[in-house]
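Engineer: The structure is given below, and queries will be raised subsequently.
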Amino acid sequence: MDHMISLVVFIAAILIFIGLFSQTIQTGLVYENNRALSTKTSDLLDTILLNPGIPSNWGQSDCQISDISGFGLQDPEFTQYELSSFSLMRLASSTGNVVEYDKTNPNIYYNNDSLGFGVSLLTPNAQALNYSSTAALLGIQNTYGFQLALSPDITVSISESQASSPLSLSISASGTGSPLAGASINYCLILVNLAQSQSQYPSYTLQNGVVTADQLGNANVTFSAVTNPNQVYAFIAYAHMDGLLGVGYHTRVSTTDQYIVPIVQDMASQEIALAHNYDINNTGQQGFTLRYNTTFIILKQDFTVSELSLESSSNQSGIVTAGSGNPYPTVSMPTSTTGILIVTYQSSGTQGGIVMMPWGISSLAFPLTFGGNPQGQEWVATDIRQVTIGGVAYQAKLALWNMNGYQVPNQ
């Protein structure tokens, strides 16, 4: 009997030991898998950021998605962590939605990544590189899921502290977790002058200036000449310090019913369609017109804003008419210069507005999220790099997860 009891105890001890040892092995395997995933994340992030892709100019060329044989976001004219603002415009953002504008057939669907009223970015869906195609180009399709997020390092917020008599604006600049104390803030006020007759078009004036942020990263700007509470304007501020640059903006319009929507019709030809908002998603409105004027502005090395002539465009001013059968005007952007397209528009004597479109996402510090959704995954590895896009400081964050999953078995 004693031998039987001893044997049972011995066998039970062996089974318990095997169970504990197996659990330890499984935990070790998961740890190694997680560490391998972290290493893969770091390598993959550098692969994306430190090569321009194949062909290197795919962001601005007329190549189809099927012609792209290598994925990368580096600006082909630079080295290190300098990204192409135009390649980023060809990514199908996971946070945007799709709108329809059927006048530009065959490209009638556009990714809408606009950041509120007055700041527009619509790019052709047919030319956008999507998540699954990118995963295949990276060689991780059906193995890993990923999400790439690009967010500006510096946040520049602008608000009206006084609407008129005179116009006063408050500017706040902050970095990651702290104010940008003592930063220089260059600004540009774009005042819109509405036309006095139906035969004229709205015009604009530019006013540059600079202020210094206080210890809390705040500054105030007053424009004594602006006394009309309905004055249409756009205000852009560039906060910079120690090689870091951030962008903020604010617009005011006198009408939100009718307005112009700039649409990137084709990245390769740099052609921008100027659409009446009534034609977006086929609202059915007919015959309404808007007079408009366009300009293109760039940021110079001394952080002042200047105009760059759109000489190749014959439609720098004109009329946009809503409804089927009414043609749309187009303007052409510079080939490789990042900047901001400014469109002033007017529907009647006192009803008008202004819309800005970045040519290159960094011009207005647009954020971008591209890829899948990591929520609900058992284990997600992340890695971060500091990058610049068109001179603007961004943080690039890659999240990576194993699509097959793995976990420690329950005891």
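Engineer: Once the convex hull of the alpha carbons of the chain is built, what does its volume come to per residue, in cubic angstrom?
Structural biologist: So the per-residue hull volume is 187 Å³.
Engineer: Once the Cα atoms of region 329-378 are picked out, what are the Rg and Dmax in Å?
Structural biologist: 17.5, 60
Engineer: With θ taken as phi - 60° and the coefficients 6.51, -1.76 and 1.60, list the Karplus ³J(HN,Hα) couplings across region 317-331 in order, rounded to whole Hz; mark glycine and proline as x.
Structural biologist: 9, x, 10, 10, 10, 6, x, 5, x, 8, x, 10, x, 9, 10
Engineer: When N is the residue count of region 138-240, what does its C-alpha Rg come to as a fraction of 2.2 N^0.38 Å? Let's see the in-between values first.
Structural biologist: Working: Rg = 19.5 Å, N = 103, 2.2 N^0.38 = 12.8 Å.
In units of the globular-protein estimate, region 138-240 measures up at 1.52.
Engineer: Then there's this: Per residue, how large is the accessible surface of region 144-196? Use a 1.4 angstrom probe and give square angstrom. Don't skip to the end; give the middle numbers.
Structural biologist: Working: 1850 Å² over 53 residues.
In whole numbers, region 144-196 has 35 Å² accessible per residue.
Engineer: Over the Cα atoms of region 56-131, what Rg and Dmax result, in angstrom?
Structural biologist: 13.4, 41
Engineer: Same structure again: Round to a whole number: what % of the accessible area of the chain belongs to carbon and sulfur, probe 1.4 Å? Don't skip to the end; give the middle numbers.
Structural biologist: On the way: 9490 of 18840 Å².
Ligands and nucleic acids excluded, carbon and sulfur reach 50 percent.
Engineer: Then there's this: So, for region 260-411, what is the accessible surface per residue at a probe of 1.4 Å, expressed in square angstrom?
Structural biologist: Working: 6120 Å² over 152 residues.
Value for region 260-411: 40 Å² per residue.
Engineer: Can you tell me how much longer the chain between Q285 and T212 gets when fully stretched, taken as 0.36 nm per residue apart minus their C-alpha distance, in nm with one decimal?
Structural biologist: Numbers: separation 73, 0.36 × 73 = 26.28 nm, distance 4.75 nm.
Using 0.36 nm per residue and subtracting the Cα-Cα distance, I get 21.5 nm.
Engineer: For region 236-276, what's the radius of gyration and Dmax over Cα atoms, in angstrom?
Structural biologist: For region 236-276, the Cα-based Rg and Dmax read 15.8, 43 Å.
Engineer: I would also like to ask the following. Dividing the alpha-carbon radius of gyration of region 208-323 by 2.2 N^0.38 Å (N being the number of residues), what value is obtained?
Structural biologist: Working: Rg = 18.1 Å, N = 116, 2.2 N^0.38 = 13.4 Å.
The value comes to 1.35.
Engineer: Translational D (Stokes-Einstein, µm²/s) of region 312-411 at 20 °C and 1.002 mPa s when Rh comes from the Kirkwood sum over C-alpha pairs?
Structural biologist: Values: Rh = 18.7 Å.
Approximately 115 µm²/s, per Stokes-Einstein.
Engineer: Assign one of three labels to region 75-191, namely rounded, prolate or oblate, based on the Cα gyration tensor with a ≥ b ≥ c the square roots of its eigenvalues; rounded applies when a/c is under 1.5, prolate when it is not and a/b is larger than b/c, and oblate otherwise.
Structural biologist: On the way: a/c = 2.60, a/b = 1.51, b/c = 1.72.
Here region 75-191 falls in the oblate category.
Engineer: Once you charge only the Cβ atoms, +1 for Lys and Arg and -1 for Asp and Glu, what is the size of the charge dipole of the chain about its Cα centre, to the nearest 20 debye?
Structural biologist: Details: 9 positive and 25 negative charges, 90 e Å.
With only Lys, Arg, Asp and Glu charged at Cβ, the dipole is about 440 debye.
Engineer: What's the center-to-center distance, using Cα atoms, between region 105-125 and region 234-273 in Å?
Structural biologist: So the two Cα centres are separated by 13 Å.
Engineer: Go through 394-400, 352-358 and give me the packing order, highest mean Cβ count within 10 Å leading. Before the final figure, lay out the partial values.
Structural biologist: On the way: 394-400: 21.1, 352-358: 24.4.
Ranked from most to least packed, the peptides come out as 352-358, 394-400.
Engineer: Here's a follow-up. Sort 55-62, 81-88 by packing, meaning the average of other beta carbons within 10 Å per residue, with the highest value first. Can you show the working numbers first?
Structural biologist: Working: 55-62: 18.2, 81-88: 23.5.
Result, highest mean first: 81-88, 55-62.
The values are calculated or read from the model by the stated rules, or taken from the named source; none is laboratory data. As the structure is a prediction and not an experimental result, all values here were calculated from the model. Cβ coordinates were reconstructed from backbone atoms using ideal geometry, including for glycine residues, and neighbour counts include every protein chain displayed. What goes into the accessible areas is simple: the full protein's heavy atoms, side chains included, and nothing from ligands, DNA or RNA. Shrake-Rupley method; radii C 1.70, N 1.55, O 1.52, S 1.80 Å.
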